[in-house]
Amino acid sequence: VISAVGQLNIPRLPDFPGMGDFAGPSFHSARWDAGVDLEGKRVAIIGTGASSIQLMPVVARKATHVTLFQRTPPWIRPTPNYRHDVATGEHWLMKYLPFYAKWYRFLMFWLVGEDMIKAVVKDPEWPHQERSVSRLNEGWREVLIQSIQEELGDRPDLLAAAIPGYPPGA
């Protein structure tokens, strides 16, 4: 028997004082309630993991106001084509050609992962271990910070909360 349910198949809800007193709808992104209309609403998102990074822009386009609660900021790699339209032919392949979508997803992870392996290898001689693990990792860190600064150009007050205090890939 091979279990292939994925590592994030069981939502973990936070536990904080007053959570049970909230009268509005609340749910984990892994159990998204499509029946909740976010148009014009004030929405709170707890956490800044991969799911939050993916859903925040969509929620922000619909909601009147979004508040994000985070414990630790994540490193986010710039992906300018992340939400690009899928070409008709490619969409057809993903829908009708067996395993095409899975191989395509594997290819995307492979291409990104293959490039990053060298950047996360720790150099024990590197003098700035508190912020990066090697010269290559430091270069990657600088590119990521520059991207964050460009994204928050009109909000320098958010920089300290948006730049992680740990090495990229850690």
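Suppose the filter is surrounded by fewer than 13 Cβ atoms within 10 Å (Cβ to Cβ), β-branched (Val, Ile, Thr) and out of contact with any Ser or Thr (no Cβ under 9 Å at 6 or more places or on another chain); does ILE53 pass it?
Against the criterion (surrounded by fewer than 13 Cβ atoms within 10 Å (Cβ to Cβ), β-branched (Val, Ile, Thr) and out of contact with any Ser or Thr (no Cβ under 9 Å at 6 or more places or on another chain)), ILE53 does not qualify.
Against the test of being surrounded by fewer than 10 Cβ atoms within 10 Å (Cβ to Cβ) and more than 30 Å from ASP37 (Cβ to Cβ), the options PRO98, PRO78 yield a single qualifying residue, PRO98.
Can you confirm whether the stretch 14-29 contains a residue that is part of a helix (DSSP H, G or I) and either among the aliphatic types (A, V, I, L, M) or modelled with pLDDT of 90 or more (or both)? Yes - at least one qualifying residue is present in the stretch 14-29. Any residue that is of a type in the set (Lys, Arg) and within 27 Å of MET116 (Cβ to Cβ) - is there at least one of those in the stretch 35-42? Looking through the stretch 35-42, none of the residues is of a type in the set (Lys, Arg) and within 27 Å of MET116 (Cβ to Cβ).
Only one residue in LEU144, LEU93 is open to solvent by less than 70 Å² (accessible area, probe 1.4 Å), in contact with a helix residue (DSSP H, G or I) (Cβ under 6 Å, 6 or more places away or on another chain) and farther than 30 Å from ASP15 by Cβ. Which one?
Numbers: LEU144 fails: in contact with a helix residue (DSSP H, G or I) (Cβ under 6 Å, 6 or more places away or on another chain).
From the options LEU144, LEU93, the qualifying one is LEU93.
Here TRP126 meets each of (1) closer than 28 Å to PRO57 by Cα; (2) among the aromatic types (Phe, Trp, Tyr); (3) modelled with pLDDT of 90 or more with one exception, condition (1). Among the candidates ALA63, ALA50, ALA101, ALA87, which residue alone is free of Cβ contacts under 8 Å to residues at least 60 places away in the same chain and under 16 Å from the mean Cα position of the chain (by Cα)? Exactly one of ALA63, ALA50, ALA101, ALA87 is free of Cβ contacts under 8 Å to residues at least 60 places away in the same chain and under 16 Å from the mean Cα position of the chain (by Cα), namely ALA50.
The values are calculated or read from the model by the stated rules, or taken from the named source; none is laboratory data. Fair warning: this is a prediction, and the values are worked out from it, not measured in the lab. Positions of Cβ are backbone-derived with ideal geometry, glycine not excepted, and every protein chain shown enters the neighbour counts. Ligands, DNA and RNA are excluded from the accessible area calculation, which covers all protein heavy atoms including side chains. Shrake-Rupley method; radii C 1.70, N 1.55, O 1.52, S 1.80 Å.
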